[in-house]
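Computed from the coordinates by the stated procedures, all read-outs in this text should not be read as laboratory data. As the structure is a prediction and not an experimental result, all values here were calculated from the model. Neighbour counts are summed over all protein chains in view; Cβ atoms, including those assigned to glycine, are modelled from backbone coordinates with ideal geometry.
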Amino acid sequence: MTDITLLDGGMGQELVHRAGDKPTPLWSTQVMIDHPGLVADVHRDFTAAGATVATTNTYAVHHDRLAGTPLEDRFADLLTMALAEARVSGAKRIAGAIGPLVASYRPDLHPDADTAAPIYAEIAQMIGPSCDLIICETVASVTHAEAVLRGASASGRPVWLALTVQDSDGSKLRSGEALADALPYAEAGASAVLVNCSAPEAIPAALDVFKAGKLPFGAYANAFEQITEDFLKDKPTVDALQKRRDMTPEAYADHAMAWVDQGATIVGGCCEVSPAHIAEIARRLRAAGHTIV
């Protein structure tokens, strides 16, 4: 059968649930500070579930996210801390996560490519030496794709580009642009292209777009009911989002196996996808004769 890379699941939401604290705009970064060792525990649990890639808890570590908070001067320290927690995961590979500038799902707020690229490059250069690859996550526009790929190239590591699409139409980025318009940038600067943090039901249309390209491709969806208007406001917290009750490990694995049937060779989970979900995907992959690499 096929060699499949199994990513981990939703680190940020898993941390929020385990910590039990009221979420803050700093999300998983705040939990990492307040609960030492918890990030490492989550990494280990995802690896034990079958994930072969540990994605670092660096998604929200950006100067613009930290500005005006007590953590404003701890940018480098937070990156170092997240990398150290990932190293004990036991995973075969570590993927250094780079999230969007300013806010998730808000391509209208993203800086132009010439402004954003050096900001992304700073992070890529700092985390690259401790990672096997860089994964640029929740990329919501063509400008965002261009900028983050330019920046991530400074890492000297392979780069995976993970784009986020409209929940109602997986052929379109959250900016409204055609997903296909981002493919030339991906093919010029990435070694794999994925769709992430979108509804599982939107993924097949996105994968159809990727199949027309030249890169290995995959997907890792979220299990939110929807991205609410409250979450799109300034400095949101994740309690504005609700977890889908129907997205059990079995239901999510049904989606993931369908993506594999479409040709995906990289699968996993994003927000609200737990170690139990990843374990079920691993079980199903092995039962189908695939090799998890």
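A few points about this structure:
- Counted by neighbouring Cβ atoms within 10 Å, the residues 120, 59 run from fewest to most as 59, 120.
- Residue 181-residue 201 FRET efficiency (beta carbon distance; Förster radius 25 Å; 0.05 resolution): 0.70
- Relative pair counts by distance (%), Cα atoms of region 18-151, 5 Å bins: 2, 11, 20, 22, 21, 15, 8, 2, 0
- Within the chain, helix-based [θ] at 222 nm, where runs of 4 or more DSSP H residues each add -39,500 (n - 2.57), nearest 500: -11500 deg cm²/dmol
- Under 28 Å between alpha carbons - lysine pairs in the chain that sit 8 or more apart or on different chains: 12
- Taking the centroid of alpha carbons for each part, region 94-120 and region 178-213 are 18 Å apart.
- Max mean-square fluctuation residue, GNM over the chain, Cα-Cα springs under 10 Å, options 35, 255, 62: 35
- Sequence of 109, 78 once ranked by neighbouring C-beta atoms within 10 Å, starting from the fewest: 109, 78
- Cα centroid of region 122-156 to Cα centroid of region 25-58, whole Å: 20
- Burial ordering of 248, 55, 143, 115, fewest other beta-carbon atoms within 10 Å first: 115, 248, 143, 55
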